[in-house]
1. Determine which member of the set M112, M118, M122, M142 is within 16 Å of the ligand (Cβ to nearest atom), part of a strand (DSSP E or B) and crowded, with 21+ Cβ neighbours inside 10 Å.
2. Return the residues of segment 83-124 that are aliphatic (A, V, I, L, M) and more than 20 Å from E160 (Cβ to Cβ); say none if nothing qualifies.
3. Quick one: would you say I88 is in contact with a Leu (Cβ under 8 Å, 6 or more places away or on another chain) and either touching a residue at least 12 places away in the same chain (Cβ under 8 Å) or among the small types (G, A, S) (or both)?
4. Identify, please: which residue in segment 221-234 is part of a strand (DSSP E or B) and among the aliphatic types (A, V, I, L, M) and is, among those, surrounded by the most Cβ atoms within 10 Å (Cβ to Cβ)?
5. If D127 satisfies every condition in (1) acidic (D, E); (2) touching a residue at least 24 places away in the same chain (Cβ under 8 Å); (3) more than 16 Å from the ligand (Cβ to nearest atom) but one, which is the exception?
6. Can you find a residue in segment 307-320 that is at pLDDT 95 or above, over 30 Å from N99 (Cβ atoms) and assigned to a strand (DSSP E or B)?
7. Please go through segment 320-370 and give me each residue that is within 16 Å of the ligand (Cβ to nearest atom) and either in contact with a helix residue (DSSP H, G or I) (Cβ under 9 Å, 6 or more places away or on another chain) or under 21 Å from G294 (Cα atoms) (or both), ordered by number.
8. Can you pull out every residue in segment 156-195 that is under 24 Å from T226 (Cα atoms), touching a Phe, Trp or Tyr at 6+ places or on another chain (Cβ under 9 Å) and not in a loop (DSSP other than H, G, I, E, B)?
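The values are calculated or read from the model by the stated rules, or taken from the named source; none is laboratory data. Only a predicted model underlies this, so the values are computations on that prediction, with no experimental measurement involved. Every residue, glycine among them, receives a Cβ derived from its backbone with ideal geometry; neighbour counts consider all protein chains shown.
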Amino acid sequence: MKHLSLVGLCAATILTPVTLQAHENETYNGTQGISASGTRDHGSVHAPIGVMGDHMHGKGEWMVSYRYMRMEMSDMRDGTNDLSPEDIVGNAAAFPNPNAGPAGFRVVPDEMTMQMHMFGAMYGVTDWFTAMAMANYIKKDMNHITFAGMAGTTRLGEFETEASGWGDTSVGGMFKLYEDATHHVHLNASLSIPTGSIKEQDTVLTPMGTTPTLRLPYAMQLGSGTYDALPGLTYTGHNDVWNWGAQYAATIRLESENDQNYSLGDKHKISGWGGYQFTDKLRGTVRLTAEHIGDINGADALIAAPVTTADPDNYGGDFVEASLGFNFVPGKSLAGAQMAAEFTAPLYQDLNGPQMKRDYGFTLGLQYSF
Ligand SMILES: [Cu+2]
């Protein structure tokens, strides 16, 4: 069974042919998610594009996807208190640098951009198991302010570091636990393979005015260096014009340290979302996400510069974010295709700081099922 034009795209589902009658009414004359026989497939109604592993596919169905994800970070915070760079370098007692003793930090980042190109594939092995693989190409840029000498708040200059390359690769899938005409529940189970580099280096500006090439801090590395489990539980539901869902997704480090003697913190994320079908091609989405990220355990001996990002304790925190997006289905001319976008803004962040705050982010995605 294929998804004809519909959007259904991905959908999945064919899992259990669902007999949900498509109503025609003033607000919705629905093709999206409704198959030719007039039934709506589960999974054909996608979650916001920023949610991974939200839907399954029916036996024999493929989906390929591309996502572009961009996230900005800027300005410093510790806990929920905003800080200037001078607040940090001028107060070594409050912000001690484990790598430089009493001198404190002398370099503070003020801006970061992270871009990710994510390539995914899904395949319905059986009606109750969908296999999934994802690879991503990452580019990170971070701008910093260097303060002159061993003490004081005199700015010496600014510099930018850059790292790019393939990140970690995940393989695994989803197991269907429950499905009826309205509700669907599946287990997410993937493994992250440490294909991303953790030895990226670049040129920096030191407080003495020299410009050596050094191992970049943890935030600029491309992979975790450890095998990580990616477990999760996903619930989705829909009726004629509304869809909704919730997902718990975690990243659990399976090794206590990588070959550079540290492991990144575990992540736990809960998302809830809703969508409304405005026209037969356009669905609007909202999402709320809460996330807890731990700090880094251990340390890479080569990451030792007097910059806040070189301290393994300055990582992680608690985050709440809100997102707005849309899913668009071009229809018959491009059967099986879906495009989507989602814009995310932070509502709350309590950081294991001092570290940069999350700023806005967005995800653009293309999905094609056949
Ligand atoms: Cu899919």
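1. M122
2. Listed by number, the residues that qualify are L83, A92, A93, A94, A100, A103, M118, A121, M122.
3. Criteria not met by I88.
4. Taking segment 221-234 as the starting set, the residues that turn out to be part of a strand (DSSP E or B) are 228-234.
Restricting the remaining residues to those that are among the aliphatic types (A, V, I, L, M) gives 229-230, 233.
On the way: A229: 15, L230: 22, L233: 15.
Looking at residues that are part of a strand (DSSP E or B) and among the aliphatic types (A, V, I, L, M), I get L230.
5. Just one mismatch for D127, condition (3).
6. yes
7. Y368
8. Scanning segment 156-195 gives S164, G165, W166, G173, M174, L187, N188, A189, L191, S192, I193.
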